[in-house]
1. Taking the range 53-74 only, how many residues are among the aliphatic types (A, V, I, L, M), more than 16 Å from the chain's Cα centre (by Cα) and assigned to a helix (DSSP H, G or I)?
2. Given the structure, is residue 50 in contact with a Pro (Cβ under 8 Å, 6 or more places away or on another chain), modelled with pLDDT of 95 or more, more than 24 Å from residue 197 (Cβ to Cβ) and assigned to a helix (DSSP H, G or I)?
3. What are the pairs, 6+ residues apart or on separate chains, where a residue within the range 226-239 that is modelled with pLDDT under 90 and of a type outside the set (S, T, N, Q) has its Cβ under 9 Å from a residue that is crowded, with 19+ Cβ neighbours inside 10 Å and assigned to a loop (DSSP other than H, G, I, E, B)?
4. Test residue 80 against the stated conditions and say whether it is outside any loop (DSSP other than H, G, I, E, B), at pLDDT 95 or above and either farther than 23 Å from residue 214 by Cα or over 16 Å from the mean Cα position of the chain (by Cα) (or both).
5. Of the residues in the range 282-299, how many are within 16 Å of residue 242 (Cβ to Cβ), surrounded by fewer than 23 Cβ atoms within 10 Å (Cβ to Cβ) and of a type in the set (A, V, I, L, M)?
6. Checking residue 144 against (1) in contact with a helix residue (DSSP H, G or I) (Cβ under 8 Å, 6 or more places away or on another chain); (2) at pLDDT 95 or above, only one condition comes out false. Which one?
7. Can you confirm whether the range 127-143 contains a residue that is touching a Lys or Arg at 6+ places or on another chain (Cβ under 9 Å) and either under 29 Å from residue 212 (Cα atoms) or in a helix (DSSP H, G or I) (or both)?
8. Out of the range 227-259, which residues are of a type outside the set (Asp, Glu), outside any helix (DSSP H, G or I) and surrounded by fewer than 16 Cβ atoms within 10 Å (Cβ to Cβ)?
Amino acid sequence: MKPVLRQLRAFHRLEPANNDHLAALRVALSVAVPSLVLLGLGRPDLIIYAVFGALTGMYGRAESHQLRLRHQSQAALVLLGGVATGVFLSVSHLQSWWLVGVEALLAGAGSVFADRVRLRPNGPFFGILALGACASVPTAVPWFVALLIAAAAAAFSLAVGFGGWVRARVWQPGAARDARPLRGNARRLAAVHAARYVLATGVAGSIGVLSGSGHPHWAMAAAAVPLAGADLPSSVRRGIHRIVGTLLGLAVTAVVLVPGPWLPAEFYGVHHVAMLAILVIVFQFTTELFMTRHYGLAMVSFTPVILLMTQLAAPASPGVLITERALETFVGAVVGILVVVTVRRRSGTTLIGRGAASGGAQAR
């Protein structure tokens, strides 16, 4: 009975703060500058590429500066790879089963890479999210322009993440040399973990395609969420947080996108696009503020970020977007939980948990 009560308490427990506002400010700045530049140039439809490049800043939040630089550079490869693949699928008009197959395979490859270099946040989630999102919207500029926007935003994020070193100048000898080849049991665990990503995302995406959804990649991204848990209870908890947080986030999104008496009519007029772009920045700040403290609360903010970016890139019926997001998230999270429960690692050691505390003190 006590283990059950402990897990129930963990569902709503808010972890202690650990200078989260500093990490949130770094990410918000990384997102804000390229997004506002594009807004000023009259191209808010391209903000989606800038944001995915800027999510580089989410990695290595509690690590020393040189280790953060290393991990953010590696994370940038994951994110830019996702953007590039998604843009290729978009310009080639390869959707549906092509998207599911390519994204599932890259989820597996991304899992191996993330385990190999010990990325935090762990797993290929943001890479496959970028892939699906970029593949689902029409590319309104040449492919290399979209990729350059993402790369420039990633480079700016790296500069922001390393910028604190100019003031603090704290250097830990050897801290950046933490990546070692996976051997023996660790290699087997990485292979099983990658197979779970392929299975979960592939099944979730297939259900999305067969159901006629226009956004099967949302189900695939949701299916990847439970796989990032360090153990079975935390994996199930992340899946449930994903569902509940997304549903609450969709309510927030509906207030912003669906006309109604709760906002002045002027908001839905000529300044609507600018407000959506600014809200992307604000919601990304609050997402990072709670990302390590309570995943469900973070999803309340991150859900509007994804939907508002999608709406800026390819305007659609808000009702359809919100409905499909809810259904795909539920399907994907359930599939991910089922894969975690059925495909278990036969070892007490996990790749995810190992080295989690090796990032050093919070670099400011």
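1. Number of matching residues: 2.
2. It is true that residue 50 is in contact with a Pro (Cβ under 8 Å, 6 or more places away or on another chain), modelled with pLDDT of 95 or more, more than 24 Å from residue 197 (Cβ to Cβ) and assigned to a helix (DSSP H, G or I).
3. If the second residue must be crowded, with 19+ Cβ neighbours inside 10 Å and assigned to a loop (DSSP other than H, G, I, E, B), the pairs left are 229/352; 230/122; 230/352; 231/352.
4. Answer is yes for this residue.
5. Qualifying residue count, the range 282-299: 3.
6. Unmet for residue 144, out of (1) in contact with a helix residue (DSSP H, G or I) (Cβ under 8 Å, 6 or more places away or on another chain); (2) at pLDDT 95 or above: (1).
7. yes
8. 230, 258, 259
The values are calculated or read from the model by the stated rules, or taken from the named source; none is laboratory data. These numbers were taken from a predicted model, which means no experiment stands behind them. Neighbour counts are summed over all protein chains in view; Cβ atoms, including those assigned to glycine, are modelled from backbone coordinates with ideal geometry.
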